[in-house]
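The values are calculated or read from the model by the stated rules, or taken from the named source; none is laboratory data. None of the values given here were measured: they were computed from a predicted structure. Quick reminder, even Gly has a Cβ in these numbers, built from the backbone with ideal geometry, and neighbours come from all protein chains shown. Note: accessible area is taken over every heavy atom of the protein model, side chains too, but ligands, DNA and RNA are not part of it. Shrake-Rupley method; radii C 1.70, N 1.55, O 1.52, S 1.80 Å.
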Amino acid sequence: MFDRRSPRVRALLPAALLSAVAGAAGAAPAASAPPAAAPAAADTPSRFTGRWELDLTRLPRDYGPPPRRVLYTFARADAGRWYAAVDITARDGSVRHMGVTYRADGTAGVGEGDTSEADSAALLSPAPDVLIANLARQGAPSSVRVYTLDPGGDAMTESAASVNAQGAPFVRRFHFRRVG
């Protein structure tokens, strides 16, 4: 697990990210706080709404054995809140389900289902075709995901940033197509 107070983690992660994670964990924020985001309009439809399937033929070379299927779902939860779910079907047919209900204003939401990667997430939509997810697990940074849509809204790219077991940062790209 990463200790956000560690000089090594602080050197790898921007102060704004550490502040966001600290706030999500209930800790005192770091010296510089992230800029305030404009509140998401409750009645504004999200271009991300729908179901997205990972293109398994375009996985990064260092990803490892591919799962059978990865499906992301974005849906309206209630006034001003959204729901994101990730269902990963393994080669053996078992399914890992993760989900979070959130406001797209950067405030933290509690995760549900499998929490091996994250148990909370803060999402922010600074533009209609961009969604940023900051994931944390047990109060420590897990990863940052940036989702972008193509102009037609039929393809989504996920850029996933994290730190490997040796402490080296990396960013991987994943490509999705709209399936519903």
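Students often check this: by mean Cβ neighbours within 10 Å, which of 157-165, 142-150, 57-65 ranks highest, and how do the rest follow?
142-150, 157-165, 57-65
Of the peptides 90-98, 105-113, 133-141, how do they stack up when ordered by the mean number of other Cβ atoms within 10 Å, highest first?
133-141, 105-113, 90-98
Can you tell which of Ser120, Phe170, Ala79 lies farthest toward the positive end of the dipole of region 77-180, using +1 and -1 charges on the Cβ of basic and acidic side chains (Lys, Arg; Asp, Glu)?
Of the candidates, Phe170 comes out farthest on the positive side.
For region 33-180, which whole-number percentage of the solvent-accessible area (1.4 Å probe, protein heavy atoms only) is attributable to carbon and sulfur atoms?
Exposed carbon and sulfur together represent 54 percent of the surface.
May I ask you to give the solvent-accessible area per residue for region 53-178, in square angstrom, as obtained with a 1.4 angstrom probe?
With the other protein chains kept in place, region 53-178 gives 51 Å² per residue.
About the Cα centre, and with charges only on the beta carbon of Lys, Arg (+1) and Asp, Glu (-1), how big is the dipole of region 75-174? Nearest 20 debye, please.
That gives region 75-174 a dipole magnitude of about 180 debye.
Which three extents, in angstrom, do the Cα atoms of region 109-180 have along their principal axes, listed largest first?
Extents along the principal axes, in whole Å: 37, 27, 23.
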